[in-house]
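Contents: one structure, followed by commentary.
The values are calculated or read from the model by the stated rules, or taken from the named source; none is laboratory data. Remember, predicted model here, so these are calculated numbers, not experimental data. Glycine gets a Cβ as well: all are built from the backbone with ideal geometry, and neighbour counts include every protein chain shown. The area values use the complete protein model at the heavy-atom level, side chains included, leaving out ligands, DNA and RNA. Shrake-Rupley method; radii C 1.70, N 1.55, O 1.52, S 1.80 Å.
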Amino acid sequence: MNDQVDLIKFDESNLLLLKKYDVVINLAERTYESKYDEDDIARMLEKNNILFTGSGSKTLTSTIRKDTIKQILISNKIRTPGYVATDSVDELNFTFPLIVKPNKEHGSIGINNKSFVRNKEELILKVAEIKKNINVTNFFLID
């Protein structure tokens with residue numbers, strides 16, 4: 001029995017290498033330098049029949065996008081606060097206060113005390129902060 005554990009940076013070119021292992025412990029987290037999201041990696045592992053730990057690609061895709069999970073909740077008649085996912089806050093009329101966060105992040109990435117906005121000025125400042133620090137353009141607003 002081989003108890004060897006290797007740390008491997010994921011790349012599509014490594015897929016054949018990963019097949020030699022009994023199981024891949026999937027600790028993938030997207031970095032801004034990477035072209036792969038967590039769900040992309042799980043999808044490639046699944047497609048290549050590589051056994052791995054953690055959630056599958058469908059679960060990761062559903063939960064990483066706040067607008068997608070909201071639609072799943074709504075379609076299952078689970079009450080949830082109103083929301084909008086948008087690329088631009090300029091043309092929409094909002095009822096304040098709002099909670100602002102990046103649409104495609106999980107956990108609490110991009111959420112801080114400034115995420116609770118009371119007016120358009122605070123909204124614009126929070127959106128600019130997210131664009132600068134997290135490098136996303138789609139926002140999720142909860143009323």
Among Lys70/Lys132; Lys35/Lys66; Lys9/Lys114, the pairs whose Cα-Cα distance exceeds 32 Å are Lys9/Lys114
With every protein chain kept in place and a 1.4 Å probe, the range 32-98 has an accessible area per residue in Å² of 66
Between Glu46 and Gln4, the FRET efficiency computed from the C-beta separation at R0 = 22 Å comes out, to the nearest 0.05, as 0.40
Rounded to whole angstroms and listed largest first, the alpha-carbon spread of the chain along its three principal axes comes to 61, 36, 23
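Can you compute the charge dipole magnitude of the chain about its Cα centre, using +1 on each Lys and Arg Cβ and -1 on each Asp and Glu Cβ, nothing else charged? Give it in debye, rounded to the nearest 20.
420
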When the charge dipole of the chain is computed with +1 on Lys and Arg Cβ and -1 on Asp and Glu Cβ about the Cα centre, the Cα farthest towards its positive end, among Pro97, Leu60, Asn49, belongs to Pro97
If R0 = 25 Å, then Lys35 and Ile99, at their Cβ-Cβ distance, give a FRET efficiency to the nearest 0.05 of 0.25
The chain: longest segment with zero exposed GluC sites (Glu not before Pro), where exposed means DSSP loop plus at most 14 other C-beta atoms within 10 Å, is residues 34-90
Taking a crude spin-label model, label points 7 Å out from Cα along the C-beta direction, the Ile124 to Thr80 distance in nm is 3.0
Per residue, the convex hull enclosing the alpha carbons of the range 10-58 has a volume in Å³ of 69
Carbon and sulfur atoms account, in whole percent of the 1.4 Å probe accessible area of the range 37-82, for 56
In whole percent, the Cα-Cα distances of the range 66-118 spread across 5 Å bins from 0 upward as 4, 16, 24, 27, 21, 7, 1
Mean separation of Cα contacts under 8 Å (at least 6 apart) over the residue count of the chain, i.e. the relative contact order in percent, is 21
